[in-house]
Amino acid sequence: MRRRKSGLTRTDDDDRPVRVDEELVDSADHADIVPGSVRRRRRVIGHKAGNAVDRGGDRDNDESVTSQPAAPANPWRALWALCIGFFMILVDSTIVSVAIRDIMGDLNADINAVIWVTSAYLLAYVVPLLITGRLGDKYGPKRVYMVGLVVFTASSLWCGLTDSVEMLILARVVQGLGAAAMTPQTMAVITRIFPPDRRGAAMGMWGAVAGIATLVGPIIGGLLVDGFGWEWIFFINVPVGLIALVLAWRLVPRLETHPRSFDWLGVVLSACGLFLLVYGIQQAHGVEWGALIGPITVPFVIGGGIVFLIAFVLWQRFTRAEVLVPLSLFKDRNFSLAAIAMTTVGFGVTSMAFPIMLWAQTVLGYTPTQSALLLAPMAILSGVLAPFVGRLVDHGSPRVLAGIGLGSFSAALFWLGAILDSGTSLWAVIPPVLLLGVANGFMWAPISSTATRNLPLHYAGAGSGVYNTVRQVGAVLGSAAIAVAMESRLEANIGSSSGMAGGAGAEAGAESGAGAAGGMSGGLPDSIASGFAHAMGQSLWVPAALVLIGFVAVLFFERPKARVR
């Protein structure tokens, strides 16, 4: 295919030139939504007008497609339907943290077993994301989303009915698999039903849901646990899931599918690599980077994961078969830079809350619900700003908007790290928390919209899978890194401020923090409180510094193309 200013030309079976109006091919950006209308509008000059136009340039582009009914005139209703399910699965990533004490008591479980209630969910959520993104391309995002929603809702009921921690962990694994099937489809549908000049506003709404859900999980969890019991953090998903299922069935359009063979070797390599990498990172702090099972150590597991992932990339690069992740995605500069930025966002959003809440619970004596409410102004401001910023993305510079978000995020964390002390008042914390709200409002939409805007639509699922995978891997890295940072700073600060040995001081502070996290109120002794507060503040400098990497990355964004081809 060669492009001319006046149009597209190709050669038909009789080697006679056929010309297709360029405007109509450009409008085919959304041919997977309204295939019939696009075909009726084509004006073909020459012989054999019925021949299809090859949108080639890639070995995946020549596959056949299956036409589906047109999308509704108002795609916002479909977006709202998807956001309900998306909100629910992200809330479940953080909601369990406030129910740890109650689960331990009711199920007679120790702390290590209960931690796996969250770890198992995150592990099952992260590992299949690359695969489920591609499944959406093959079978249709609506179909895969609804299957995942049914699995997630049913397993939520199972979680609430369990009477042992082992069964709860197993149910959470199934719940994570359902969440993994749903997440890439939400972003892929947005990419395919919204035209490029309206996609920023839609991504703004998607980003607002992502940002708010991770923040309000502990708040919702605290209210449910205090009012009804820990089982209701799972039971609440059943009516919400059923409503989301009905709305998705009625409002989300069936989109064009791309029948393709499936890269089973790629599935195995990517799943093994991500599992070993994420599992090793999750367990590293608990065993102090030592042995996990017999002679198998954490570095060995993480190294094995890296080897599998390298083998996966090489397989994707050199195989002539259908690939799971087209590496041509990363030829798009904005997609690659957005992936880097979103990894740091996942790291920062996940790691920042724990030191703040531990400070509030341990030093100020707040309950888990009260400490979670400290972040409520951030969630509210983020939700207000995100749709507005999304509309700006459609007409403004993504590097400026994303730069404001990431720069504000880093500045707010450095600010909090500098002021946290045993005597810090609530009013002193509110301004940097509000700045975090501004940051969240400006981060998600510019990064998400810029990541996918230049990608071919038949790569919407694959691109969404990669994007959400790096976000979740960043979150896992953040949770592991903040634990190491807090332990290190506790040892340094409590040991020197209390006159105790560093290890003993750290242990005392950690025990007090764990007690507060489990729901105990009351402050620390004065000899320890100041050092504990300083340790929590200094821990925030880790995500603050890492987010600066994402800030630098978005400064190199290119202005997205006017049209997606």
Hull surface divided by four, with the convex hull built on the Cα atoms of region 265-352: how many nm²? 7.0 nm²
Label points 7 Å out from Cα along the Cβ direction at Ile549 and Ile115: separation in nm? 2.3 nm
Cα centroids of region 194-222 and region 391-439: how far apart, whole angstrom? 17 Å
Out of residues 5 or more away from Thr297 or on other chains, whose amide H comes under 5 Å of its own, with H placed 1.01 Å from N in the peptide plane? Leu292
In percent, how large is the relative contact order of region 150-219, given Cα pairs closer than 8 Å and 6 or more residues apart? 25 percent
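Name the trypsin sites (Lys or Arg not before Pro) in region 263-345 that are in a loop by DSSP and that have at most 10 other C-beta atoms within 10 Å, would you?
Values: sites: Arg317, Arg320, Lys331, Arg333; in loops: Arg320.
Passing both the DSSP loop test and the Cβ count: Arg320.
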In whole angstrom, note down how far apart the Cα centers of region 480-495 and region 263-336 are. 29 Å
What full-extension length gain, to one decimal in nm, is calculated for Ala271 and Trp76 as 0.36 nm per residue of separation minus the Cα-Cα distance? 66.8 nm
Asp226 paired with Ser336, simple spin-label distance in nm, labels 7 Å along Cα-to-beta-carbon: 4.9 nm
Please list, ordered by chain and number, the residues whose modelled amide H lies under 5 Å from the amide H of Thr257; skip anything fewer than 5 residues away on the same chain. Thr66
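Under 8 Å for C-alpha pairs, at least 6 residues apart: give me the relative contact order for region 263-321, rounded to a whole percent. Present the calculation step by step, with values, prior to reporting the outcome.
Numbers: 55 pairs, mean separation 25.9, N = 59.
Normalised by residue count, the contact order of region 263-321 is 44 percent.
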Sorted by Cβ density within 10 Å, fewest first, the residues Ile494, Ile356: Ile356, Ile494
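Taken together, the values in this text are just the output of simple stated rules run on the coordinates, not laboratory data. Nothing here was measured: the structure is a model prediction, and the numbers come from that model. We place every Cβ from the backbone using ideal geometry, glycine too, and count neighbours over all the protein chains shown.
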